[in-house]
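Just below is one structure, and these are the notes that go with it.
The values are calculated or read from the model by the stated rules, or taken from the named source; none is laboratory data. These figures come from a predicted structure and were not determined experimentally. Using ideal geometry, Cβ is built from the backbone for each residue, glycine included, and neighbour counts are taken over all protein chains shown.
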């Protein structure tokens, strides 16, 4: 019987999570004591107990504006304050105008079996929306077991999830079997091939990363053949490289993207390395990529790239800390960059090389591209 198989699967999954916690917890305690900054905890009363969380308001927050809401879920044996420090997602939120909530699990472990924590996160979203000026866009991201919980929440909450992004997590077979009627949503997934905590190849109850990606590709009815690209190995000393697999053309514009970190460990790319967890890739900034991905699916914000008259302009890397390039199928005559006040910040005529905006303050800038017979516009995010 299916319910018997699911019960056995859940029991095995529970034992595996307990084993993971014993391996991770001592290492995280050391890192948290030396790296986590103090943050003010809020709380809500949920199902007979108080549950805590941290809220980050973006720079310039005003109740008269509306902001997308992001849940950022910590890993097993970790905490909201550690996730806040480790992912540095506040910087992305300040640049893009997100409200970020970092919830605490109970006893440093998300209850991925059953719906106790699905209910908590659902009520938490309601509570935050009642107190802050949130738009309809709701995003979820998570690391390690927080990645598992991200998929669990997205497939079970009554709230409409706009998009999800996970790092070093996956899905159990039990969740996949129970989620056939779950909503289709855009998905971004990061995972190291040398992850010793959540194996890239999966286990007897946890789907491999490739199988999890395939489940979402099928679920979203995306193209089954991905667009493949190698991310430039700009930091050779991190002992890892990155491959990107993009599956597009899904239902309602949904897509699935995998960043496969070759030789990457159980880590968050672009973050402070934790040597005991393996190599931390520095060629990409995981938080920035997630922020850019979320922006693409929220009508209350802006689009990173724009299509016009069958022309597609691409700014890359986006977001960036210093340089970016412009790709267009026509010859470019001039590039103009404006701040949010409409002030011209830079005019470029030599458009063959990268454009330097390292001196710009962090934020969102409009980019106007003047080609042979058309003027296009897009946005660049400076971190």
Mind checking whether some residue in the range 327-342 is under 30 Å from residue 286 (Cβ atoms), touching a residue at least 12 places away in the same chain (Cβ under 8 Å) and out of contact with any strand residue (DSSP E or B) (no Cβ under 7 Å at 6 or more places or on another chain)? no
Looking only at the range 237-248, decide whether some residue is within 17 Å of residue 142 (Cα to Cα) and in a strand (DSSP E or B). no
Could you go through the range 201-211 and let me know if any residue there is assigned by TED's automatic domain parsing to the domain that holds residue 139, at pLDDT 95 or above, part of a loop (DSSP other than H, G, I, E, B) and within 23 Å of residue 316 (Cα to Cα). no
Here is a list: 150, 112, 160, 141. Which entry is in a loop (DSSP other than H, G, I, E, B), surrounded by 24 or more Cβ atoms within 10 Å (Cβ to Cβ) and in contact (Cβ under 8 Å) with a residue 12 or more places away in the chain? 112
Tell me which of these residue 6 doesn't satisfy, since it passes every other one: (1) more than 19 Å from residue 125 (Cα to Cα); (2) modelled with pLDDT under 90; (3) outside any helix (DSSP H, G or I). (3)
